[in-house]
1. Out of (1) surrounded by 13 or more Cβ atoms within 10 Å (Cβ to Cβ); (2) in contact (Cβ under 8 Å) with a residue 12 or more places away in the chain, what's the single condition that is false for residue 94?
2. Which one is surrounded by the fewest Cβ atoms within 10 Å (Cβ to Cβ), of the residues in the range 12-27 that are modelled with pLDDT of 95 or more and either out of contact with any strand residue (DSSP E or B) (no Cβ under 7 Å at 6 or more places or on another chain) or part of a strand (DSSP E or B) (or both)?
3. Can you pull out every residue in the range 28-50 that is part of a helix (DSSP H, G or I) and either farther than 17 Å from residue 94 by Cα or touching a strand residue (DSSP E or B) at 6+ places or on another chain (Cβ under 7 Å) (or both)?
4. Tally time: how many residues in the range 169-179 are in a helix (DSSP H, G or I) and surrounded by fewer than 22 Cβ atoms within 10 Å (Cβ to Cβ)?
5. Quick test of your reading of the structure: residue 121 fulfils all but one of (1) more than 23 Å from residue 12 (Cβ to Cβ); (2) touching a residue at least 40 places away in the same chain (Cβ under 8 Å); (3) more than 15 Å from the chain's Cα centre (by Cα). Name the failing condition by number.
6. Would you check which residues across the range 195-212 are under 22 Å from residue 171 (Cβ atoms) and in a helix (DSSP H, G or I) and list them?
7. Go through 111, 133 for me and flag whichever is in a strand (DSSP E or B), closer than 18 Å to residue 9 by Cα and touching a strand residue (DSSP E or B) at 6+ places or on another chain (Cβ under 7 Å).
8. I'd like to verify a number: residues in the range 63-91 that are in a loop (DSSP other than H, G, I, E, B) and surrounded by 13 or more Cβ atoms within 10 Å (Cβ to Cβ), how many?
């Protein structure tokens, strides 16, 4: 399987969320050999979409000549896109959102109704693609935190998507938290292997991965006590 990881964290591999992504990839590699490439979006030259729609009218050619041309080619050549990002203001970091906006050349101005909603007709064939969202946040639980990012991801990729959201993710970069983070990463690795073998993750396993690692009151007290103040709420 050809896997493209789009890491939206400005911290690159030091990202708390990338600990989760790496564990998932390790599990996939246990199941079978994988062709993997990680793109740190903070290192890419990606101009903001201007909404001119030239790409949708002119066969997918954007007015910007930057790194997105090569990235779009790699996206279309992949089998699985892993969107790994920390929760920023209940959404994705700016560099990754810019990349998402610039996938517009894959669509045309023409629309079609699918179910109860309208979607743009594609200018390229990406029906083979599967999508995985891995998102961590620095809050103690998932309630009323991940919902906007999850809703956007489901609307952008209505089919073949899997979503992993993990609260308390700054603990993945805290060595003293290994007693709870290592078992959690082991579950993520198990999920990666399962996904590579079956194309899905058991609901019970996914629920366990997405649950708080320590009681939320305890986590909040630790953060408020200053142990993670350098990290803030961003993972």
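1. Evaluating residue 94 over (1) surrounded by 13 or more Cβ atoms within 10 Å (Cβ to Cβ); (2) in contact (Cβ under 8 Å) with a residue 12 or more places away in the chain leaves (2) as the failure.
2. 26
3. Residues satisfying the conditions are 28, 29, 30, 31, 41.
4. Qualifying residue count, the range 169-179: 6.
5. With (1) more than 23 Å from residue 12 (Cβ to Cβ); (2) touching a residue at least 40 places away in the same chain (Cβ under 8 Å); (3) more than 15 Å from the chain's Cα centre (by Cα) applied to residue 121, the lone miss is (2).
6. 205, 206, 207, 208, 209
7. None of the others qualify; the one that does is 133.
8. So the count comes out to 7.
The values are calculated or read from the model by the stated rules, or taken from the named source; none is laboratory data. On a predicted model such as this, the values are computed, not experimentally measured, just so you know. A quick note on method: Cβ atoms are made from the backbone with ideal geometry, for glycine too, and the neighbour counts reach across all protein chains shown.
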